[in-house]
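The values are calculated or read from the model by the stated rules, or taken from the named source; none is laboratory data. Note that the structure is a prediction, hence the values are computed from the model and not measured. No Cβ is skipped: glycine too gets one built from the backbone with ideal geometry, and neighbour counts run over all protein chains shown.
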Amino acid sequence: MNDTESLYDKALKITQSNAALYDRWESAIAVHLSKKWKDAFELAAQVAGTDEPTIMEVADMGANAISDQAEFLSDINEVFRVLAKGCSLGADGNWC
């Protein structure tokens, strides 16, 4: 990925290449990642005016609270890898 791209653009490429999984698991993915990236989700929620920001909102509006963008993107990729293997996420963000 291009280093000049924003975190949002990089996250968008990942979600677009996993569009079917993202559409199916969008909320559960956000809940799952919010456990690790709590500050970023809280910032995005405050800026967006929502209680449950998506990972795309976090990549955009919560990026300033993400200390390691490469790790955040890696976590997104890992979620998609596990989902692609047939695992599922519960509404609580835990693997079933």
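Restricting to the stretch 4-44, name every residue that is under 17 Å from ILE66 (Cβ atoms) and among the small types (Gly, Ala, Ser). Of everything in the stretch 4-44, those that are under 17 Å from ILE66 (Cβ atoms) and among the small types (Gly, Ala, Ser) turn out to be SER6, ALA11, ALA30, SER34, ALA40, ALA44. LYS38 meets all of the listed conditions (1) among the basic types (Lys, Arg); (2) in contact (Cβ under 8 Å) with a residue 40 or more places away in the chain; (3) farther than 12 Å from LEU89 by Cβ but one, namely (2). Of the helices (runs of 4 or more DSSP H) lying entirely inside the chain, those containing at least 3 residues that are at pLDDT 95 or above and either surrounded by fewer than 18 Cβ atoms within 10 Å (Cβ to Cβ) or in contact with a Cys (Cβ under 6 Å, 6 or more places away or on another chain) (or both) are 7-17, 19-34, 38-48, 69-84.
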